[in-house]
Structures are given as C-alpha cells and as structure tokens.
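**Q** Mind having a look at this structure? Questions to follow.
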Amino acid sequence: MLVPNPGWGEPRRAAGEDAAAAPSAQRRKELQTEQKELKARLAQLKKSLAQSESAHAEAADALAASETAISTANRRLQQLAASRRQVEQRIAELQAAQSEAASAQNAHASRLAGVARREFELQVRPSMAGVLDPAQAAQDGRDSAYLDRIVRERLHRIGELDDRRARLAALELESHQRSAELSRIDADERASRAQLLKQEALRKAALTRLAKQIAGQRKSVAGLERDDARLGSLIDQIGRLLAEQARRRAAPPAHGAPVPKGGSGPPPGAEPALPASATAFARLRGKLVLPVQGPIGSHFGAPRLDEDGRPQEGAPSWKGLFIAAAVGTPVHAVASGRIVFADWLRGFGNLLIVDHGEGFLSVYANNETLLHGVGDQVGADEVIASVGNTGGNAHSGLYFEMRYQGRPFDPLGWAVAR
C-alpha cells in the first residue's frame, strides 16, 4: 500500500523537470526493504481501523468490492490499450521492414543472376581462338582473372542473399508472434470488459438497494467525523512511517519538524506553518493547476450544508475542495511525486495519495479508476485517475486536498483553475 519517497526531506526538482538519476543498487534494496515494512505496518493500521469501526458498519461498504474491481478492470483496459498500440505499431514497422527486405532480396537475386550469366559466357567462350591469335590469348588471360573475380563475387552475393533470406524469415516470425500477442490482448480485453460490466451491474444493484441508507449515513455528523478522522489518521501514519525511516537513514524529516499528531487539521480557515519559498515545492505556490476542470462545490474551511443549504450543526468543515465533473474525466497530478496510497477507503472511495517530498501530500478521492499503483513515480499534470462518485458519494466529482506535515491547507492558495 505504501512506498517511501526517495526524496523525503531532500529538495525535489520542480514540476515538469526530469526525475533525478536512478537510485543505486544498494538504495533500491533499501527502498524494497522499507516498502515491505511500510506495507506490513499499514496492514496493521487498516486492521486496527476495521476493528474499531466494526460497530459502525456503513451501507457504502457494500460498494467497496465492486468499486475496487471496477477500478482494477478500467486500469487493466487502459494498460491493454497501451499494449495494443505498441504491438500494432510494431506490426506496422515489421510489415514495412518485410516489404523492404523482400524488395532488396529480389534486387539482390537479379544481380546474382547477372553475375551468373557473365560467368557462364566466359566459361563457354571457345578456347582454341587463343592458340591462333596471341592477342586473343592475352585477352583470355584477362578474362580468366575476371572470371575468378566474378566467381568470388557470386559466392559473396550468395552469402548476402542467404543473410537477407534469414532476415526476412526472422521478420516474418516476429510478425506472427506479434499477431499472436495481439490476439491474446483481444481475449484479455474481452475478459476485462466482461468483468467491468459485471461489477458495474453489482454496484448499480447495491446502490439501488441501499440508496436511502447511504444518503442517511452521508448526512450523519458522527459518520462525517469518522470519515474525517479516518483520512487524518491514515495520512498521519503515512507521514510518521516515512519520517521514521528517514531518521534511520540519518535524514531528518523536512525542516526537522516533527509530524504533528492527528490529521484533522487546524481550525477552519487556518493553515499549518508552511515553509518559505526557498524549498523546491514551496516555489510552486501559485503555479500549480487544479487536478480537474469544473465548478467548485465545496471550499476549504467552509461548513457542510444540509438539504436546505444551511450549515450542518456539529459537522466537520471541509478540509479540501469538491470539484464537480463528469464520471470518467481525467484527474491530473498537481505536481511530480510518488504514489504512497492507492486503495478504497471508507468515506472516500477509490483514493490516491501522492507524496511530493518536503512534507507535502496531495489527496484525490471518490475516483472511478486509479491508473497508478503504490510506488509509481508520476509527473506534473500526468493523468493518475478518472473522476467517479465512489464511496457512497451522491454526485460525481473529485474531492481534493493538499496537506503539509499531515495538516490540510487551502489548495486555492496554491493552485489555479484548470
């Protein structure tokens, strides 16, 4: 579920710049060890969360399996589409190479036939003419030397022709292999689409059956508080685990500041103490672009509203933005970073968290499809997910947060509309 960011506590290149050089073999080994540890620790955290929430089972949990499966099937279809494009491009290249090789082979065979004709003409010339004519004898000597050269050329061209035939055979073999690969991709795509349709039907049936319960629980102040605390706890644990490993590598967390306890954040409208613009990520302030284009339905620090549009008494305020968008709309990373969480989470559906280094995280929730997995490095503005309404959300759109050392802050102070 988690992977450490190699740049934790170290300056990271600004968005759009090339990634740093690949880590050494020793560093890769360390990262693999850390990743295993983080996965094990996070599994314990999820188990603990499940046990503590067993008395608060929610109707939306019935959607978890189908929403996760839909995300997986969609991601698989995207991967297969990319593979299909690569294979089709390679087949086109092979076909062009085969045509070129066949033409070259025919031309080479014609030249070889010409060499063979010249050789035959010299071999059948009457030899007695040289006995009667000294000049002809001299010419015959030159012809004999020429014949030797022709023989050597013929042997050379025969060898080249064999090479060309072998090259053409290799191209034909690879073309057949690629065509077979394309057939396998076709079969895999059909299976993935069938699985997608099945899971979409299951989700639709669950939504129909549990619509009233889900709507009621989404309005429950206690449920909203649990959702808020759940995400905060998850992010808090991510920061703590990464910081702990960073300390073991003798690299303190960003700016040497401890990760604060609790992820619920400061009072509405307040921000954590953000670093100066001297740091790489902080220099991006005002230059980032929101992940999705669409109207913002909920703002950071704003109260949650009831059905009548009045503030919902006792409910936690918004810790991020809800950007309305159609299902399937591409979701872009606001900056380069590494995926540190990619899974379904109660209250937030299919959830991605990106670590940008220096204590900064971005959070993308309610997605239909997660297009990346834990450990993937993503670039600024790269498509990382697609919009959905998972987790029991009544409306399609993206719930988006930005956090520094576990605490949420207003994304609109950092990012402009897409």
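Derivation of every value follows stated rules applied to the coordinates shown; laboratory data play no part. Remember, predicted model here, so these are calculated numbers, not experimental data. Using ideal geometry, Cβ is built from the backbone for each residue, glycine included, and neighbour counts are taken over all protein chains shown.
**Q** For GLN98, what charge total do you get from the other residues with a beta carbon under 11 Å from its beta carbon, if Lys and Arg give +1 and Asp and Glu give -1?
**A** Residues near GLN98 contribute -3 overall.
**Q** For segment 182-195, just list the computed ³J(HN,Hα) in residue order, Karplus coefficients 6.51, -1.76 and 1.60, θ = phi - 60°, integers in Hz, with x standing in for Gly and Pro.
**A** Coupling constants for segment 182-195: 5, 5, 5, 5, 4, 5, 5, 5, 4, 5, 5, 5, 4, 5 Hz.
**Q** Go through segment 290-300 residue by residue and turn each phi into a ³J(HN,Hα) via Karplus (6.51, -1.76, 1.60, θ = phi - 60°); whole Hz please, and just put x for glycine and proline.
**A** Using θ = phi - 60°, the values come out as 4, x, 9, 8, x, x, 8, x, 9, 10, 4 Hz.
**Q** State the extension gain, in nm to one decimal, for the chain segment bounded by ALA180 and ARG167, taking 0.36 nm per residue of separation less the distance between their alpha-carbons.
**A** Once the chain is fully extended between ALA180 and ARG167, it gains 2.7 nm.
**Q** Can you sort ILE91, ILE238, ILE339 by how many other beta carbons sit within 10 Å, fewest first?
**A** Ordered by Cβ neighbours within 10 Å, fewest first: ILE91, ILE339, ILE238.
**Q** Additional query: Using the alpha-carbon centroid of each, what span in Å lies between segment 349-394 and segment 291-341?
**A** 13
**Q** Report the charge-dipole magnitude of segment 337-418 in Debye, nearest 20, computed about the Cα centre from +1 at each Lys and Arg Cβ and -1 at each Asp and Glu Cβ.
**A** Dipole about the Cα centre, nearest 20: 200 debye.
**Q** Counting only other residues whose beta carbon sits under 13 Å from that of LEU202, what net charge do I get with K and R as +1, D and E as -1?
**A** +2
**Q** Taking θ = phi - 60°, what integer Hz values does the Karplus form 6.51 cos²θ - 1.76 cosθ + 1.60 yield along segment 62-70, in sequence order, with x for Gly and Pro?
**A** 5, 8, 4, 5, 5, 5, 5, 5, 5
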